[in-house]
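Enquirer: Just dropping this structure here.
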Amino acid sequence: MSSIPTNQAGPSTLNVNVGETLHPHSKSDTALTARQREKAPLRDADLDEITFDDSALDSEIDLLIGQYLESRGISSVSEIWNERILGINRSEERKEWIEDVERCILDGDYSSIENLISKPGLLKSQTQRSFLYLCWRQQFLEHVENRESQKAFNLLSKRLKPLEHYQPVPYDFYSLSYLTSASTVHDAPTFRDWAGVGPERERLVGVWRELMGSERAEALEKRYVPPDRLKTLLRQAAAWQISQVGHTGDGSLKIPSLLTDYRPLQLPERLYHLITGHTANVKCVDLIGPKGALGMSGASDSTLRVFSTEDYSTRHILHGHSSRIWSAASSSSGSTIASGSGDGTIRLWNVYTGECASVLYGDGGDVYDLKWRPGKKNQIVSASYDRILRSWDVETSKQLRTFSGHSQSTLAVAFDYTGNMIASGSKDKHIRLWDAVGGTCIKNITGCLGEITSVEFDQEGRYLLAGCKDNSNRLWDLRMQKNIYRYTGHQNTSKNLIRCSFAHDASLVIGGSEDGCIYLWETEGASTTSSMTIPDVKSLLPSNEVANATPNKPNGDTYSSSTSSWTPAYYPPRDKAGATSVGTNSFDKPTSETIRPLKVSEGHADGAVFDVVWKNGTMLSAGEDGLVGVWSK
């Protein structure tokens, strides 16, 4: 992710400031007189009005790419680019090529000359053809001088005729054609000063040296590009895009991607709706499919509900589990839901019909978490009470592999984007990284002071986010092997299971809390000082009218948080085995920065918010009050 200062756009001829709002486009300047244009206020050029010099555009883009490759230190790729695209060779190799061509000219080996000068990076294509014409011309005159008329005619028709447009002077090809019926070269008026084979070869060598000297000088002149020119242009373009949306602010602004236009971060500002129906606390929520038009929720009343995030209507109520539902996840296509329950089973549901497609029976007790494997539509991995991770084939309902190593119950599991690495979190306060194919433990991460309630990789597999039962969410850099950020302010010490996740292309971290609020942090936000304390969130938040409203149940009854019956969250009994001792590694070092919340949103009644998910600007929250919150911008 690149960042640009919000008060400047770097060296630029566009003269745009990030914090300024653009003037409306006025009439074209062509409709104004010179005096009117001089007095007219400055305006921003429209994209359609900007044109480039097409003759130089491609070569300048090539130069920018070449400079960027050199700045990255990729010497092998940079050399290939310079030779084949920019026409620039290393001096020693270039010198050898020049000498080889000179040797071939003096020896009369003209067929080898064609192969030499056609090598990439030596001459431009037009210059190659012009010099090649001179070489074939010299060979033709030598054939005429040696009275080899048939060879001369063949050379004229097969070699010189296609290059007629590259003749050095007008009517040169016409004069050569005249010599096919002449006895000597001097019979043509144009070649009366021809000095013979040896001197003419020397003269052609001189032309070659002069040509290479001018080409090298031109190449050296074009090689100069202002330092970091490509990045400067990208910053200018980003600054213009940011100014279009009227951004105002201080400090640096991070651009998440160059592949799409800049979109300002819009946090969910209000709770649009509280979805009722569950008769116990809601443990998990998810947005179904790529767009998230449907949502789902699983609760301690042993049911799942599928609902619309647009009109909030209930599509399906999924019955089948005999105990609370700890986790649920939808497949990448959005056609199937997998749910894990306290009854020890995993059920697969058809999103469109609401029917249970299959049941996976394990012997590990409560299934606390499960995830679909990226790139494999038929595989999921689950985390269970018996401390074991299990990989499943959902088509055959068979268990593929187990992952053992944790000393207490596994509470969270996640795949990286490749589907080849698994992260798991446990009550033993450890995070383990696993080879999804081989089943071996790659890394054991310690350092958390509480149980691990959730884990998630970012979209590049570089960072790992974990929810910890020590009032913190933590971010690990897996390449640097250290905990770099610690997100605080929320409460997560006693209830099960308070989860957190990435949002908005991993630029945000969102999570629930035992105080009933939803917390949002910038992934790389401002850190707090060591003496700073987090204030009481409830005392700072304004009253939320939506939270105090009495939403209606689907059957028309009025919901009341004071009279509803919901079951408190609790764990099964703790394992008696203690945590295994693990040696100190780089993940354990206390080098993380503490990040304060960017935003705290209140919407649920008394009780915890267990789970929060975000997709395409829509956010769902799972409350201990038995409600599902739908949030939007």
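The values are calculated or read from the model by the stated rules, or taken from the named source; none is laboratory data. Just so it is clear, the model here is predicted, and its values are computed rather than measured. Neighbour counts are summed over all protein chains in view; Cβ atoms, including those assigned to glycine, are modelled from backbone coordinates with ideal geometry. Accessible surface is based on the protein model in full, side chains and every heavy atom, while ligands, DNA and RNA are left aside. Shrake-Rupley method; radii C 1.70, N 1.55, O 1.52, S 1.80 Å.
Enquirer: Ranked by accessible surface with a 1.4 Å probe, highest first, in what order do 343, 606, 261, 611 come?
Expert: From most accessible down to least: 606, 261, 343, 611.
Enquirer: Calculate, for residue 197 and residue 48, the FRET efficiency according to 1/(1 + (r/R0)^6) with r their C-beta to C-beta distance and R0 51 Å; round to the nearest 0.05.
Expert: Between residue 197 and residue 48 the formula returns 0.25.
Enquirer: If you take the beta carbon distance between residue 186 and residue 107 as r and set R0 to 25 Å, what does 1/(1 + (r/R0)^6) give as a FRET efficiency, to the nearest 0.05?
Expert: FRET efficiency, residue 186 to residue 107: 0.55.
Enquirer: Let me ask another. Convert each backbone phi in the stretch 502-519 into a coupling constant with the Karplus relation 6.51 cos²θ - 1.76 cosθ + 1.60 (shift: θ = phi - 60°), then list the ³J(HN,Hα) values in order as whole Hz, x for Gly and Pro.
Expert: Result, rounded to whole Hz: 7, 8, 6, 6, 6, 7, 10, 10, 10, x, x, 7, 6, 8, x, 10, 9, 10.
Enquirer: Using modelled backbone amide H atoms (1.01 Å from N, in-plane), which distant-in-sequence or interchain residues come within less than 5 Å of residue 283's amide H?
Expert: Answer set, sorted by chain and number: 298, 299, 300.
Enquirer: Which loop-located trypsin sites (Lys or Arg not before Pro) does the stretch 88-187 contain, where loop means any DSSP state but H, G, I, E or B and the Cβ has at most 16 other Cβ atoms within 10 Å? Mind showing how you got there, number by number?
Expert: Working: sites: 90, 94, 95, 103, 124, 129, 137, 147, 151, 158, 159; in loops: 90, 124, 147.
Counting only loop positions with at most 16 other Cβ atoms within 10 Å, the trypsin sites (Lys or Arg not before Pro) in the stretch 88-187 are 90, 124, 147.
Enquirer: I've got another one for you. Among 367, 425, 334, whose Cα sits farthest toward the positive end of the charge dipole of the stretch 301-450 (+1 at Cβ of Lys/Arg, -1 at Cβ of Asp/Glu, about the Cα centre)?
Expert: 425
Enquirer: Still on this structure: Hey, what do the phi angles of the stretch 124-137 turn into as Karplus ³J(HN,Hα) couplings, whole Hz, using 6.51/-1.76/1.60 and θ = phi - 60°, x for Gly and Pro?
Expert: 5, 4, 5, 5, 4, 5, 5, 6, 5, 4, 5, 5, 5, 4
Enquirer: Per the Kirkwood treatment, what hydrodynamic radius in Å, one decimal, follows for the stretch 369-409 from the mean inverse distance over all distinct Cα pairs?
Expert: For the stretch 369-409, the Kirkwood estimate is 10.5 Å.
Enquirer: In what sequence, largest accessible area first, do 485, 110 appear using a 1.4 Å probe? Provide the component values of the computation, followed by the final result.
Expert: On the way: 485 40, 110 5 Å².
Ranked list, largest accessible area first: 485, 110.
Enquirer: Right, something else. Using r as the Cβ-Cβ distance of residue 291 and residue 124, and R0 as 30 Å, what FRET efficiency do you calculate, to the nearest 0.05?
Expert: The value I calculate is 0.05.
Enquirer: Rounded if a/c is under 1.5, else prolate if a/b is larger than b/c, else oblate: which is the stretch 299-364, with a ≥ b ≥ c the root eigenvalues of its Cα gyration tensor?
Expert: Here the stretch 299-364 falls in the prolate category.
Enquirer: Please list, ordered by chain and number, the residues whose modelled amide H lies under 5 Å from the amide H of residue 426; skip anything fewer than 5 residues away on the same chain.
Expert: Placed amide hydrogens put 411, 452 under 5 Å from residue 426.
Enquirer: State, to one decimal in nm, how far the label point of residue 377 lies from the label point of residue 231, with both points 7 Å from Cα in the Cβ direction.
Expert: The modelled label-to-label distance comes out at 4.3 nm.
Enquirer: Another question about this same structure. Need the full-extension length gain, residue 154 to residue 99, defined as separation in residues times 0.36 nm minus the C-alpha distance. One decimal, nm.
Expert: Contour length minus Cα-Cα distance gives 16.9 nm.
Enquirer: What ranking of 85, 498, 65, 98 comes out by heavy-atom accessible area, probe 1.4 Å, highest first? Please report the intermediate quantities before stating the final value.
Expert: Numbers: 85 85, 498 5, 65 60, 98 35 Å².
Highest to lowest solvent-accessible surface, that is 85, 65, 98, 498.
Enquirer: Taking each pair of different alpha-carbon atoms in the stretch 222-350 once, compute 1/r for the pair, average those values, and report the inverse of that mean as the Kirkwood hydrodynamic radius in Å to one decimal.
Expert: Value: 18.4 Å, from the Cα pair sum.
Enquirer: Once you have the Cα-Cα distance between residue 616 and residue 165, take 0.36 nm times their residue separation minus that, and quote the gain in nm to one decimal.
Expert: Details: separation 451, 0.36 × 451 = 162.36 nm, distance 5.96 nm.
Fully extending the segment from residue 616 to residue 165 adds 156.4 nm.
Enquirer: How large is the charge dipole for the stretch 252-323, taken about the Cα centre, if only the Cβ atoms of Lys, Arg (+1) and Asp, Glu (-1) carry charge, to the nearest 20 debye?
Expert: On the way: 7 positive and 6 negative charges, 25 e Å.
Roughly 120 debye for the stretch 252-323.
Enquirer: Using a 1.4 Å probe on the protein heavy atoms only, what accessible surface does residue 49 show? Give it in Å² to the nearest 10.
Expert: The accessible area comes out at roughly 90 Å².
Enquirer: Starting at the first residue of the stretch 612-618, write each ³J(HN,Hα) from the Karplus equation 6.51 cos²θ - 1.76 cosθ + 1.60 with θ = phi - 60°, in whole Hz, x for Gly and Pro.
Expert: 9, 10, 9, 7, 6, x, 9
Enquirer: While we're here: Positive end of the charge dipole of the stretch 220-369 (Lys, Arg +1 and Asp, Glu -1 on Cβ, about the Cα centre): tell me which of 325, 260, 302 has its Cα farthest that way.
Expert: About the Cα centre, the residue reaching furthest to the positive side is 260.
Enquirer: Mark the label point 7 Å from the Cα of residue 401 along Cα→Cβ and return the residues of the stretch 409-427 whose backbone N is within less than 20 Å of it.
Expert: Only 410-426 pass the distance filter.
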